[in-house]
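Trainee: Handing you this structure, nothing more for now.
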Amino acid sequence: MSLKTERSKNCRNNSVIVIEGSPCSGKTSLAKRLAKDLNIKLVKELLFKIKPNDKRRINFYINDLLKSLKNDNETTVIDRYFLSTVAFEEAFRKTYGQKKLIADTYDRQHFCALKLYPFFLQRSILKYPNIVLYLKISPLESLRRRKMKEKVNYRNPWFDIRFLEAFQGYCVTKIRFWYKVEPIIINGSLTMKEIIAILKKKLDNYYKFIS
């Protein structure tokens, strides 16, 4: 099943679709599929590795701003947005708060996130999404899929089941708070064909899909 549309006639101009979810839930695959089928711009997830106490964490804030800026006058699908950044900070602080050096660093970064994002949103520097899709899988399934993709590294929080639980718990409970929109929560264990079928029904009032 395809979600192809006539971009100039049917896609609402300058709308923002955000895809969130746990690692390995299928976010990137879905983002690519929507970008292709809807003929809209894809803004990819930033991929680079830094240490927890590295000051370059600010790059993630900058990346979120750049993602927002790339939406001007175009309908866009974003692979992760600022909810993921805040959720990561919150989950890290909750999971590893007993490690003082790292905890102090993340307390400062988390504080910055909670202050910066409302500031950016109030001044329209960041854009609220029009549609939020959340691909939900269990933390155990997220861990299983990651282990199939890369070598296990227990210093990486994405290999820590406690961290994964805290991350998803924050995302699911705070989507409405941060994005001001009712999310479409989808079972990430479904096939892509099944997910696309669900989205066609859910988004048919927003986009006039061509079968």
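Trainee: Being in a helix (DSSP H, G or I) and either modelled with pLDDT of 90 or more or hydroxyl-bearing (Ser, Thr, Tyr) (or both): is that true of ARG144 here?
Mentor: yes
Trainee: Still on this structure, please answer the following. Residues of region 126-140 being closer than 16 Å to PHE82 by Cα and open to solvent by 70 Å² or more (accessible area, probe 1.4 Å), which ones?
Mentor: Correct list: TYR128 only.
Trainee: If you scan region 154-188, which residues turn out to be assigned to a loop (DSSP other than H, G, I, E, B) and farther than 23 Å from SER29 by Cβ?
Mentor: TYR154, ARG155, ASP160, LYS180, GLU182
Trainee: Within region 145-181, count every residue that is touching a residue at least 24 places away in the same chain (Cβ under 8 Å) and either open to solvent by 60 Å² or more (accessible area, probe 1.4 Å) or at positive phi (or both).
Mentor: Residues meeting the conditions: 5.
Trainee: Taking ALA35 as the residue in question, decide whether it is of a type in the set (A, V, I, L, M, F, W, C), under 20 Å from GLN168 (Cα atoms) and at pLDDT 65 or above.
Mentor: When the stated conditions are applied, ALA35 does not pass them.
Trainee: Something else: Identify, by number, the condition in (1) more than 13 Å from the chain's Cα centre (by Cα); (2) surrounded by fewer than 20 Cβ atoms within 10 Å (Cβ to Cβ); (3) modelled with pLDDT under 70 that LEU46 doesn't meet.
Mentor: Among (1) more than 13 Å from the chain's Cα centre (by Cα); (2) surrounded by fewer than 20 Cβ atoms within 10 Å (Cβ to Cβ); (3) modelled with pLDDT under 70, LEU46 violates only (1).
Trainee: What's the number of the condition LEU30 fails, among (1) modelled with pLDDT under 85; (2) within 19 Å of the chain's Cα centre (by Cα); (3) assigned to a helix (DSSP H, G or I); (4) not hydroxyl-bearing (Ser, Thr, Tyr)?
Mentor: (1)
Trainee: Could you count how many residues in region 161-193 are at pLDDT 95 or above and acidic (Asp, Glu)?
Mentor: Number of matching residues: 1.
The values are calculated or read from the model by the stated rules, or taken from the named source; none is laboratory data. As the structure is a prediction and not an experimental result, all values here were calculated from the model. Cβ: placed from backbone, ideal geometry, glycine included. Neighbour counts: every protein chain shown. Accessible surface areas use protein heavy atoms only, side chains included; no ligands, DNA or RNA. Shrake-Rupley method; radii C 1.70, N 1.55, O 1.52, S 1.80 Å.
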